[in-house]
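Peer 1: Next up is a structure, given as structure tokens.
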Amino acid sequence: MIEIISKGFPFKPERGCFGYASCLLIRDKVNILFDTGGYNLRSEIIKIINQIDCVVVSHLHFDHCSNLDLFANSNVPIYISDNELEYFNNHQKDDIDLFKYFNLIKNDLNIKKIYGTTFITENVKIIYTVGHTPGHISLVINNDTILAGDSLKTYNDYKDANNYGNAVSKNDYLTTKRKIKMNYRTIYPGHDSVIINGIVMDRMKLKEF
């Protein structure tokens, strides 16, 4: 079962970056948190933190992993791809979206490096979905559903075969996106509501506060 902690939201202000990413909890034999979101989700993560058995980090951009410090000095496994860690440690300065504070907490996290396709349970596996970053990973459930992170960011991205956004590698991103569209009936993008059979469902609406 997939529990939506927060839907991603495809919104860009006139200045800066909104960065409201999807955050999802998979309840299987273990409870798997896919991405921890930005600081805006901090209170929501705290509500469920005692239910989380492991965390999968799609990539190390601030809007997808800013709450990792909540798992510091705990035994909760944090799955990150080896290529993503290498990219972070040797990153180009122009990737301004990288969560630079990760450097301050990484030694306090129970990091489990991923080197390829990895099964967490018999129904849930981690796969590489590179392009947006060199070590981007996604979660596949029952071979027909993918939690895509930023390997497919929005419904507009789904519809536009040539859109690659701010991907580090245009060619890898477009190849990955094409494979996702071909192979998965249900797609949870990094910054939009779920897409089922090519149709986006129940998009988030803004409220005033």
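The values are calculated or read from the model by the stated rules, or taken from the named source; none is laboratory data. These numbers come from a predicted model, not from an experiment. So basically every Cβ, Gly included, is an ideal-geometry build from the backbone, and we count neighbours across all protein chains shown. The protein model used for the area step is the full one, side chains on, heavy atoms only, and it has no ligands, DNA or RNA in it. Shrake-Rupley method; radii C 1.70, N 1.55, O 1.52, S 1.80 Å.
Peer 1: Distance in nm between label sites at Lys12 and Thr186, each 7 Å beyond Cα in the beta-carbon direction?
Peer 2: Taking the two extended label points, one gets 3.0 nm.
Peer 1: Could you tell me how many cubic angstrom of Cα convex hull volume region 117-195 has per residue?
Peer 2: 75 Å³
Peer 1: Then there's this: Can you figure out the FRET efficiency of Arg178 with Ile111, using R₀ = 30 Å and their beta-carbon distance, to the nearest 0.05?
Peer 2: About 0.45, to the nearest 0.05.
Peer 1: Tell me, what is the per residue accessible area of region 1-78 in Å², probe radius 1.4 Å? If you can, show how the numbers build up before the last one.
Peer 2: Details: 3450 Å² over 78 residues.
Using a 1.4 Å probe on heavy atoms only, each residue of region 1-78 averages 44 Å².
Peer 1: I would also like to ask the following. Out of residues 5 or more away from Leu109 or on other chains, whose amide H comes under 5 Å of its own, with H placed 1.01 Å from N in the peptide plane?
Peer 2: Asn73
Peer 1: Which one, Thr176, Cys65, Ile114, projects farthest toward the positive side of the charge dipole computed for the chain from Cβ point charges (K/R +1, D/E -1)?
Peer 2: Final value for the positive-end residue is Thr176.
Peer 1: If you build a Gaussian network model of the chain, linking Cα atoms that sit under 10 Å apart, which residue out of Arg15, Arg178, Arg27 swings the most?
Peer 2: Arg15
Peer 1: Would you please give the residues with an amide H less than 5 Å from that of Ser6, counting only those at least 5 places away or on a separate chain, with H modeled from the backbone geometry?
Peer 2: It is Cys23, by chain and number.
Peer 1: Just to confirm the filter: which chymotrypsin sites (Phe, Trp or Tyr not before Pro) across region 26-115 are DSSP coil and have at most 11 other Cβ within 10 angstrom of their Cβ?
Peer 2: Hits after loop and neighbour filter: Tyr115.
Peer 1: OK, next. Dipole size in debye (nearest 20) for region 61-187 around its Cα centre, Lys and Arg Cβ +1, Asp and Glu Cβ -1?
Peer 2: So the magnitude is around 380 debye.
Peer 1: A follow-up question, please. Just to confirm my numbers, what's the Cα centroid distance between region 90-128 and region 165-183 in Å?
Peer 2: For region 90-128 versus region 165-183, the Cα centre distance is 19 Å.
Peer 1: Next question, about the same structure. Can you find, among Thr186, Gly131, Asn166, the residue farthest towards the positive end of the dipole of the chain? Put +1 on the C-beta of Lys and Arg, -1 on that of Asp and Glu.
Peer 2: Toward the positive end, the furthest listed residue is Thr186.
Peer 1: With +1 on each Lys and Arg Cβ and -1 on each Asp and Glu Cβ, how big is the dipole of region 19-66 about its Cα centre, in debye rounded to the nearest 20?
Peer 2: Values: 4 positive and 5 negative charges, 25 e Å.
In debye, rounded to 20, region 19-66 gives about 120.
Peer 1: What are the principal axis extents of the Cα atoms in the chain, in Å, biggest first?
Peer 2: Largest first, the chain extends 43, 42, 40 Å along its Cα principal axes.
Peer 1: Ok, one more. Go through region 1-50 and name the GluC sites (Glu not before Pro) that are in a DSSP coil and have 14 or fewer other Cβ atoms within 10 Å of their Cβ.
Peer 2: Glu14
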